[in-house]
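Read through the structure below, which is laid out as structure tokens, and then see the notes.
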Amino acid sequence: MKKIVDLYLDRPRLFLLAMLFIIAGGLLSYDSLPRQENPQLAERWGDITAVLPGATPQRVEAQIADVLETQLREIDEIKTIESNSSTGIARVGIEFKEAIGKGETDEVWAKIQDKLNESTGLIPPGTTVLLSHSGPPTTLLFALQWQGGGDPQPVILSRLANQFKRKLANIVNSEQALIFGDTKEEIFVGADLDLLTDAGMNIQSIATAIDRYDSKSAIGNIVGQSSEFRIKAQDNITLVNDLRKLPLKTLDGYQIIRLEDVATVEKLPVDPPIEIVSYNGKPSVFVDVRGKFSQRTDLYSQAVLRVADTFKAGLPDEIGLELIYNESDYVEEKFSFLMQSILLATFIVLFLSYLLLGPRSAVIVSAVVPLTILLVLIGCTVLDVPLHQTSVTGIILSLGLLIDNSIIVVEDYRYRKSLNLVNRQAIYASIRHLSLPLLAATVTTGLAFMPMAAGKGASPEFVGDMAITIILAVTSSLFLALTVVPVLLKTMEDSNFMNLNKSENIGFSHAGMRTKYRAFLAWALFKPSRALALSLTLPILGFVSVGFLDTDFFPNQGKNFFRVDVELDANASIYATNKRVSSIRDQVMLEDYIETDMWWVGRRLPRLLYNVIGGSSGEGSDNLATGVFFTSSYREMDASLADLAKRLEKDHADVRVRVSKFTSGPPVEFPVVIAIFGEDNQVLKSLGEELKAILAKSSEVSDVFADQSASITGLQVSFDEANLAFSSKSSKEIIDEISSSTRGLYVGSMLDGNKEIPIRIKNKNSESSEINQTAFIAINSADGFDYVDSFSDVSYTSDINQINRYQGSRNNAVKASVYPGTLGSNVLTDVADELKAFEDSLPTGYSLRQFGESDERAESFGQIFSSFFFFMGLIVVALVMILNSFRQAGIILLVGTLCIGLGFLGMFVGSQNFGFIGLVGIVGLAGLAINDSIVVLSHLNEDAGAGQISKDKLVETTIRSTRHILTTSVTTMGGLLPLLFDKFFESLAWAMCFGVMGSALLALLLIPSMFCYLGKVSNEAAAYSKAESNQSPRSLPIT
């Protein structure tokens, strides 16, 4: 560093060029760095949806779920596989191991797709399998609505939505464009089964005729010596009327039965729809566009809005296009708060520096703060770290830290000058003395945050960029403190900058306070046990307070919208769900703070935010709905949601209604999840009911249910094999007839412009839609026709609604949601004794396991601590190498341990919960708060040399260190002050504020007292007699 300082002092133009490079590079980096609201998490979550209509849960489990799980277990990168088998549908959830990084997930998903392709021949024919995995969340969401007179025209809206989707997908940096709630069209052939059977035909006869009539298949090519010609047949299914005239059968050689004679043929919307969406209570079609990660969200949103404005201008008056959600608005709001926080923190830091250090030091700090921030931005560009809430928060956290080194250099330079050293000699002496201590402080701080920066898994990824910006800040601060600050000090003195040479430049000073402080230190350090006892009091209180802290996982996002999830009985149709949603919506909209709302009926919530998963498919979700309500005030919303949840629960007791805010961090669907593992489904169901009753005892539970608590009602067809034998019919034929009559049979398609519309044949009579008429479905026979009940007995049946498996083992998961503002951990505390008794009473072969927030929290803590002890080992090595003493390194580590207790005390005083963000503050504090102690210890070592120092010298050296210790602590707390008002980071801010404040006490009392115990302080008489030193510091004489 001395050579760099000499180079800058001897060649000032090089110094000026270096400063210009930092300024220009930092500003260009700020303009070019990607900006987004939240950090990118690796796409480790996904799900497979396999559909086999009509299959029982047991068949779906055995023939689909088990097969897919077996195939997937061959992929080593998969961490967990869980499946849900219900009537006709299997969902297989996948999560990768934490070691799989962001750049490796695409390859693993490709492996999974290959396995699914291989499994095609292993699962029942007719099963459709779809793989979907998490990608970027919604960037902008639009709603197309009918605003004209008469009934809404969903087909027109859907076609316009497809046009709009294609335009959005073609925008540069668009990752994906999706449509929700669009109306699928079909050519519906409504067969009159009675007429068909009279004519000796069935639905399969129509399917065969249409298939033969469809001429869209390719024929071939004619290849000559010099040319090649394609042969094609003219498409003969182009109009609905053509299909109506399709001949099915001839009678007596001259009469033709056409399709229109036994069926109606129409182009209609698919009924029932897969999903229904609405915006502000009006039926809509949503168009969702998702931009790629690592770009400026604000610029991308502007590009999308320009396309949307152009598209909207071309729409007819009857069609409206509304912007529902724009992530850029929240990004700008978050960045506005963060920038204001940076400015406020900077002002506080500079004001305190001026107050405590004097004008010259304040001017130097004023230069160091922006230079360090600019260097951090350059580092972010080099390391591909985007700007988002956690990375920018790292800069805010660093504001107080990044001037610590500069303050220490300024104070030490001032001390060297007081020893009558000239400018360069004072600079060299300061660099020589401070290089190792400041390097030790920087290395320990950087290593303390390395578990977050280098950790594997979703939680470390979420805060990893914050750790990186902190490490960049303290590293840049060290470089500037040892190279730029000395140059500025000498330049300002040589040029008498702002006439500061005439000022004392010592900052705030009070002779009376200094005298009393000296007396206090003399009293405390004459008997080191006094200082030791005083310094240990607060950390011990902190460790005791841990037992009184509530635990959570991640804090809420602090957004001005919330969600309402609705779940009806498993047999409920999408129309029944939509009707109930309308009633619930009307009740919620009575709240004054509600502005707008949007609903998805017949599916789970799509990936609106980065940690929302599981809504990729609407299959099998007719009884589910999710609404999102946007409010005018987060504060008012936060205060009212618990009461709203209780009213909805009371007024809609026959359905499940859950009201919740959106949380941060990795995805967690329910705060409390306890799974019972075993093999017998009926036993699992019975045990699930018992566990439900236990969890419901907690007053904070708003809703509790078990995955296997409900049953689904259906029909069971029991065949009479004797009647089948006499009729020459097989059970397979009867099943096919029932299936095609009730579900329909897809065969062929018709081109309508650039859109291919499928053709579906279905029984249009009442027996296809009314459950009590199923036995009267007509079956073609040699004597004319018979009914289904001629060959079978049709009866009602009630079966288990679903079968769940986790890592191949059956389980029944009992899930509980809590009222907004309450914690899932409190529920487990409330019923801890009952849970223990229940677990002890489980039958042999059955066991319990907790999931939900508690499991995710434990896993996230483990992801941090998996590397924490490794980096703590590196901290020990660094301290021993720099301090050249195992005992002194042990003292510094003791300080770091005690600061953890101070962090717990801070969270207790601030009424904060102990979750992952609080843990990040605690872990970072362990390395951050020892900086002051290292500096004080280095001062004491310098004064003691190879021998000892007197008690008087011990006191004076501690006093000499006090100004910059207090200044660095107060400025660090000042930098953290804005985060005390941030919902997401307030627990971290409280922990670090108290930790930094308490670390000053440890540095000024614990370190000198331990220096005495090391035998580095002589027992010579101090300035006060032993008798005087035994008095209280208040009664000591003032000298």
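The values are calculated or read from the model by the stated rules, or taken from the named source; none is laboratory data. Since this is a predicted model, take the numbers as computed values, not measurements. Neighbour counts are summed over all protein chains in view; Cβ atoms, including those assigned to glycine, are modelled from backbone coordinates with ideal geometry.
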message = Any residue at all in region 275-292 that's β-branched (Val, Ile, Thr), touching a residue at least 12 places away in the same chain (Cβ under 8 Å) and either surrounded by fewer than 11 Cβ atoms within 10 Å (Cβ to Cβ) or within 26 Å of residue 747 (Cβ to Cβ) (or both)?
response = no
key: All positions within region 632-665 that are in contact (Cβ under 8 Å) with a residue 24 or more places away in the chain and among the small types (Gly, Ala, Ser)   = 632, 633, 640, 642, 645, 660, 664, 665
task = For residue 762, indicate whether it is crowded, with 21+ Cβ neighbours inside 10 Å, outside any helix (DSSP H, G or I) and either modelled with pLDDT of 85 or more or in contact with a helix residue (DSSP H, G or I) (Cβ under 8 Å, 6 or more places away or on another chain) (or both).
result = yes
inquiry  = residue 669 - would you say it is assigned to a loop (DSSP other than H, G, I, E, B) and among the charged types (D, E, K, R)?
reply    = yes
query = Does region 128-139 contain at least one residue that is in the same structural domain as residue 40 (by TED's automatic domain parsing), under 30 Å from residue 600 (Cβ atoms) and surrounded by fewer than 14 Cβ atoms within 10 Å (Cβ to Cβ)?
reply = yes
task = Give me the pairs, please: first residue somewhere in region 532-560 and in contact (Cβ under 8 Å) with a residue 60 or more places away in the chain and of a type in the set (D, E, K, R), second residue anywhere and in a loop (DSSP other than H, G, I, E, B) and crowded, with 21+ Cβ neighbours inside 10 Å, beta-carbon distance under 8 Å, and either six or more positions apart or on two chains.
result = 552/915
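Yes or no, residue by residue, for (1) modelled with pLDDT of 90 or more; (2) part of a helix (DSSP H, G or I); (3) crowded, with 21+ Cβ neighbours inside 10 Å:
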site: 814; (1), (2), (3): yes, no, yes
site: 821; (1), (2), (3): no, no, no
site: 834; (1), (2), (3): yes, yes, no
site: 838; (1), (2), (3): yes, yes, no
site: 843; (1), (2), (3): yes, no, no
site: 849; (1), (2), (3): yes, no, no
site: 853; (1), (2), (3): no, yes, yes
site: 857; (1), (2), (3): no, yes, yes
query = With respect to residue 456, is the statement that it is surrounded by fewer than 22 Cβ atoms within 10 Å (Cβ to Cβ) and within 30 Å of residue 95 (Cβ to Cβ) true?
reply = yes
query = Scanning region 656-666 for residues that are in a loop (DSSP other than H, G, I, E, B) and of a type outside the set (Ser, Thr, Tyr), which turns out farthest from residue 42 (Cα to Cα)?
reply = 662
ask   = Looking at (1) outside the structural domain of residue 376 (by TED's automatic domain parsing); (2) surrounded by fewer than 17 Cβ atoms within 10 Å (Cβ to Cβ); (3) in a helix (DSSP H, G or I); (4) of a type in the set (Gly, Ala, Ser), which is the only condition residue 65 fails?
value = (2)
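Conditions tested, residue by residue: (1) in contact with a helix residue (DSSP H, G or I) (Cβ under 8 Å, 6 or more places away or on another chain); (2) modelled with pLDDT of 80 or more.
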{"position": "946", "(1), (2)": "no, no"}
{"position": "955", "(1), (2)": "yes, yes"}
{"position": "964", "(1), (2)": "yes, no"}
{"position": "990", "(1), (2)": "yes, yes"}
{"position": "1024", "(1), (2)": "yes, no"}
{"position": "1027", "(1), (2)": "no, no"}
remark   = Within region 18-62, restricting to residues that are among the polar types (S, T, N, Q) and under 30 Å from residue 617 (Cβ atoms), the one that is surrounded by the most Cβ atoms within 10 Å (Cβ to Cβ) is 36
request  = Kindly indicate which of 440, 429 is assigned to a helix (DSSP H, G or I) and free of Cβ contacts under 8 Å to residues at least 40 places away in the same chain.
outcome  = 429
task = Mind checking which helices (runs of 4 or more DSSP H) fall wholly inside region 295-402 and carry at least 2 residues that are touching a residue at least 24 places away in the same chain (Cβ under 8 Å) and surrounded by fewer than 21 Cβ atoms within 10 Å (Cβ to Cβ)?
result = 297-313, 327-357, 359-383
key: Selected residue [closer than 20 Å to residue 836 by Cβ, surrounded by 19 or more Cβ atoms within 10 Å (Cβ to Cβ) and under 25 Å from the mean Cα position of the chain (by Cα)] from 701, 659, 628   = 701
ask   = Which residue out of 108, 67 is over 30 Å from residue 479 (Cβ atoms), more than 25 Å from the chain's Cα centre (by Cα) and among the aliphatic types (A, V, I, L, M)?
value = 67
Top-ranked residue of region 962-1017 - restricted to ones that are over 26 Å from residue 368 (Cα atoms) and hydroxyl-bearing (Ser, Thr, Tyr), ranked as farthest from the chain's Cα centre (by Cα) = 1013
note = Considering region 41-58, residues that are out of contact with any helix residue (DSSP H, G or I) (no Cβ under 8 Å at 6 or more places or on another chain) and of a type outside the set (Phe, Trp, Tyr), and then whichever is nearest to residue 388 (Cα to Cα), we arrive at 47
inquiry  = When the residues of region 736-754 are narrowed to those that are surrounded by 15 or more Cβ atoms within 10 Å (Cβ to Cβ) and hydrophobic (A, V, I, L, M, F, W, C), which ends up modelled with the lowest pLDDT?
reply    = 738
task = Test residue 521 against the criterion of being under 41 Å from the mean Cα position of the chain (by Cα) and at pLDDT 85 or above, and give yes or no.
result = no
request  = Please work out if residue 167 is among the basic types (Lys, Arg) and either modelled with pLDDT of 80 or more or under 30 Å from residue 152 (Cβ atoms) (or both).
outcome  = yes
query = Of all residues in region 877-911, how many are polar (S, T, N, Q), on the phi < 0 side of the Ramachandran plot and outside any helix (DSSP H, G or I)?
reply = 1
query = Can you tell me which of 693, 653, 642 is part of a helix (DSSP H, G or I), out of contact with any helix residue (DSSP H, G or I) (no Cβ under 6 Å at 6 or more places or on another chain) and more than 30 Å from residue 842 (Cβ to Cβ)?
reply = 642
message = So, in region 316-338, exactly how many residues are farther than 23 Å from residue 137 by Cβ and not acidic (Asp, Glu)?
response = 3
ask   = So which residues in region 583-596 are touching a residue at least 60 places away in the same chain (Cβ under 8 Å) and out of contact with any strand residue (DSSP E or B) (no Cβ under 8 Å at 6 or more places or on another chain)?
value = 583, 587
